[in-house]
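Asks: Take a look at the following structure, please.
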Amino acid sequence: MTRQDILDAARDRRPVIGQDLSGLDLSGADLTHIRFERVNFKGANLSGAVVNQAGFRKCDFTGAALDGCDLTKMDLAGTSFAGASLKNITTKMTLLGRCDFTGADLSGALVHWSVADNAKFAGARLAGARLDKLTLRASDFSQADLTGAALHKAVFTGCNFKGVVLKDVSFEKALFSGCDLSGQDLSGLALTQVNFSGSNLAGVKLARARIAYSLFAKANLEGADLSGARGSKCMYLGAVLKGARLTGGVFDNSVFSEADLGAADFSGANLFRCQFKKARCRGVKFVGCDLRHADFSHADCTAADFTRADMTMACFHGMNDEHAVYELTQRALVRSPNQEMAQAEAFRPVQA
């Protein structure tokens with residue numbers, strides 16, 4: 001079929017089924033209301049085409065150009081856009097499940113209120129894209145380029161972000177649940193109110209990042225670098241931070257309860273009013289930390305180093321501090337033990 005044949009079909013609202021339109025130039029064409037089914041668009045040029053209320057069922061756009069197209073409210077599930085040029089496209093309330101965007105260029109795209117399961121974005125370019133309230137599950141972003149992208153209230157569940165370029169990315173209230181971000185460099189980024197619960201952040205770089213009010217519950221941060229991070233009121237409940245570096249950071253009013261902090265380095269950090277209840281703090285360095293009003297109830301602080309730490313009104317109730325170091329520390333300022341609480345915890349009912 002020729003370009004004119006397609007324009008005639010659009011004018012008469014006739015469906016185009018099973019046709020080979022590979023390499024066809026449809027740039028700027030008005031394709032309103034036309035329905036395409038099992039059509040081969042490989043290498044075709046649809047840049048600037050008007051596709052409002054058009055339908056694309058089981059079509060193949062591998063290597064095609066759709067720059068500037070508005071794909072709002074379309075069901076594109078299972079469609080291949082591998083290697084396609086999709087710069088500045090718009091998708092609103094679009095279904096993208098099982099779509100293949102491998103190696104595609106989505107620079108400047110606006111992806112709003114769209115949903116996708118098992119989508120492939122491996123090696124795709126999303127520089128400057130805005131992913132606004134997007135929901136993606138079990139999707140692959142490995143080696144993708146998100147430089148300068150904005151993730152606003154986007155939800156990523158079980159997604160792979162290994163090797164992704166995240167330079168200058170804006171994270172605003174985004175959710176990464178069970179995602180793999182291991183080894184990523186997020187240094188200096190704004191990550192306020194981001195949820196990383198259950199995600200793999202092993203070896204991630206968060207140095208100087210702004211992570212206030214963020215959630216890291218049960219996340220793996222082993223060997224991570226959070227030095228100089230600004231992270232007030234964060235949640236690390238049950239997280240793993242073994243060997244992590246948090247030196248000079250601000251983590252006041254954060255919760256590290258039940259976390260595994262083995263051999264982590266908090267030297268010089270602000271840990272005012274932090275919760276370390278039942279945390280595993282073996283060999284942790286708290287050198288020069290602000291631990292005022294911190295709660296270490298039932299924490300295991302074996303061989304921890306509290307040298308020069310300010311422990312004014314800190315709670316060490318039931319804490320194991322065997323072989324801990326308190327050099328140049330005023331332990332007298334620690335909160336007095338709660339004997340009544342200790343007796344209550346030790347109480348065991350008489351067996352009949």
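Asks: What is the one condition in (1) of a type in the set (Val, Ile, Thr); (2) over 21 Å from Asp100 (Cα atoms); (3) in contact with a Lys or Arg (Cβ under 7 Å, 6 or more places away or on another chain); (4) surrounded by 13 or more Cβ atoms within 10 Å (Cβ to Cβ) that Thr62 does not satisfy?
Replies: (2)
Asks: Identify all residues within the range 298-346 that are part of a loop (DSSP other than H, G, I, E, B), touching a Leu at 6+ places or on another chain (Cβ under 9 Å) and among the charged types (D, E, K, R); write none if there are none.
Replies: Answer for the range 298-346, where residues must be part of a loop (DSSP other than H, G, I, E, B), touching a Leu at 6+ places or on another chain (Cβ under 9 Å) and among the charged types (D, E, K, R): just Arg308.
Asks: Residue by residue through the range 101-114, note down the ones that are buried (at least 17 other Cβ atoms within 10 Å of the Cβ) and either on the phi > 0 side of the Ramachandran plot or of a type in the set (A, V, I, L, M, F, W, C) (or both). Break it down into steps so the answer makes sense when it comes.
Replies: Just the residues of the range 101-114 that are buried (at least 17 other Cβ atoms within 10 Å of the Cβ), to begin with: 101-112, 114.
Correct list: Phe101, Gly103, Ala104, Leu106, Gly108, Ala109, Leu110, Val111.
Asks: Could I ask something else about it? Restricting to the range 1-60, count the residues that are over 18 Å from Ile89 (Cα atoms), aliphatic (A, V, I, L, M) and under 37 Å from the mean Cα position of the chain (by Cα).
Replies: Looking only at that region, the number is 1.
Asks: Can you work out which of the residues in the range 170-179 that are modelled with pLDDT of 95 or more and crowded, with 22+ Cβ neighbours inside 10 Å is nearest to Ala119 (Cα to Cα)?
Replies: Among those residues, the one meeting the criterion is Cys179.
Asks: Cβ-Cβ under 6 Å, sequence separation 6+ or interchain: first residue in the range 244-273 and touching a residue at least 12 places away in the same chain (Cβ under 8 Å) and crowded, with 24+ Cβ neighbours inside 10 Å, partner in a loop (DSSP other than H, G, I, E, B) and among the hydroxyl-bearing types (Ser, Thr, Tyr). Which pairs?
Replies: Close Cβ pairs (under 6 Å, with a partner that is in a loop (DSSP other than H, G, I, E, B) and among the hydroxyl-bearing types (Ser, Thr, Tyr)) amount to Phe256/Tyr236; Ala259/Tyr236.
Asks: For the subset of the range 274-322 comprising residues that are within 34 Å of the chain's Cα centre (by Cα) and β-branched (Val, Ile, Thr), which member is surrounded by the most Cβ atoms within 10 Å (Cβ to Cβ)?
Replies: My answer is Val284.
Asks: Taking the range 50-84 as the search range and keeping residues that are part of a strand (DSSP E or B) and not hydroxyl-bearing (Ser, Thr, Tyr), which one is farthest from Lys120 (Cα to Cα)? Give the derivation first.
Replies: Applying the first criterion (part of a strand (DSSP E or B)) to the range 50-84 yields 50, 55-57, 60, 65, 70, 75, 80.
Now narrow it down to the ones that are not hydroxyl-bearing (Ser, Thr, Tyr): 50, 55-57, 60, 65, 70, 75.
Details: Val50: 26, Gly55: 21, Phe56: 19, Arg57: 18, Asp60: 15, Ala65: 18, Asp70: 20, Asp75: 16 Å.
By that ranking, first place goes to Val50.
Asks: Against the condition of a type in the set (D, E, K, R) and either over 29 Å from Ala224 (Cβ atoms) or modelled with pLDDT under 95 (or both), how does Asp100 come out, does it pass?
Replies: When the stated conditions are applied, Asp100 passes them.
Asks: Here's something else I'd like to know. Has the range 196-209 got at least one residue that is buried (at least 21 other Cβ atoms within 10 Å of the Cβ) and either among the acidic types (Asp, Glu) or without any contact (Cβ under 8 Å) to a residue 12 or more places away in the chain (or both)?
Replies: Within the range 196-209 (the criterion being buried (at least 21 other Cβ atoms within 10 Å of the Cβ) and either among the acidic types (Asp, Glu) or without any contact (Cβ under 8 Å) to a residue 12 or more places away in the chain (or both)), the answer is no, since none of the residues qualifies.
Asks: Check whether at least one residue in the range 124-131 is modelled with pLDDT of 95 or more, in contact with a His (Cβ under 9 Å, 6 or more places away or on another chain), surrounded by fewer than 24 Cβ atoms within 10 Å (Cβ to Cβ) and farther than 21 Å from Val39 by Cα, and report yes or no.
Replies: The answer is yes, given that some residue of the range 124-131 is modelled with pLDDT of 95 or more, in contact with a His (Cβ under 9 Å, 6 or more places away or on another chain), surrounded by fewer than 24 Cβ atoms within 10 Å (Cβ to Cβ) and farther than 21 Å from Val39 by Cα.
Asks: Could you list, in sequence order, all residues of the range 273-290 that are assigned to a loop (DSSP other than H, G, I, E, B) and out of contact with any Lys or Arg (no Cβ under 8 Å at 6 or more places or on another chain)?
Replies: Answer for the range 273-290, where residues must be assigned to a loop (DSSP other than H, G, I, E, B) and out of contact with any Lys or Arg (no Cβ under 8 Å at 6 or more places or on another chain): Cys274, Phe276, Lys277, Lys278, Ala279, Cys281, Arg282, Gly283, Val284, Phe286, Cys289.
Asks: Would a scan of the range 10-28 turn up a residue that is farther than 20 Å from Thr72 by Cα, of a type outside the set (S, T, N, Q) and either in contact with a Leu (Cβ under 6 Å, 6 or more places away or on another chain) or in a helix (DSSP H, G or I) (or both)?
Replies: Yes, because at least one residue in the range 10-28 is farther than 20 Å from Thr72 by Cα, of a type outside the set (S, T, N, Q) and either in contact with a Leu (Cβ under 6 Å, 6 or more places away or on another chain) or in a helix (DSSP H, G or I) (or both).
Asks: Tell me yes or no: at least one residue of the range 39-49 is of a type in the set (Phe, Trp, Tyr), part of a loop (DSSP other than H, G, I, E, B) and surrounded by 20 or more Cβ atoms within 10 Å (Cβ to Cβ).
Replies: Yes - at least one qualifying residue is present in the range 39-49.
Here's the yes/no breakdown for (1) over 24 Å from Arg230 (Cα atoms); (2) of a type in the set (Val, Ile, Thr):
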{"residue": "Gly128", "(1), (2)": "yes, no"}
{"residue": "Leu131", "(1), (2)": "yes, no"}
{"residue": "Thr135", "(1), (2)": "yes, yes"}
{"residue": "Ala144", "(1), (2)": "yes, no"}
{"residue": "Val155", "(1), (2)": "no, yes"}
{"residue": "Asp180", "(1), (2)": "no, no"}
{"residue": "Ser199", "(1), (2)": "no, no"}
{"residue": "Ala202", "(1), (2)": "no, no"}
{"residue": "Ala207", "(1), (2)": "no, no"}
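Asks: Also, quick follow-up: Among the residues of the range 232-273, write down those that are among the acidic types (Asp, Glu) and under 22 Å from the mean Cα position of the chain (by Cα).
Replies: Asp260
The values are calculated or read from the model by the stated rules, or taken from the named source; none is laboratory data. Not measured: the values here are computed from a predicted model. Ideal geometry is used to build each Cβ from the backbone, glycine not excepted, and the neighbour counts take in all protein chains shown.
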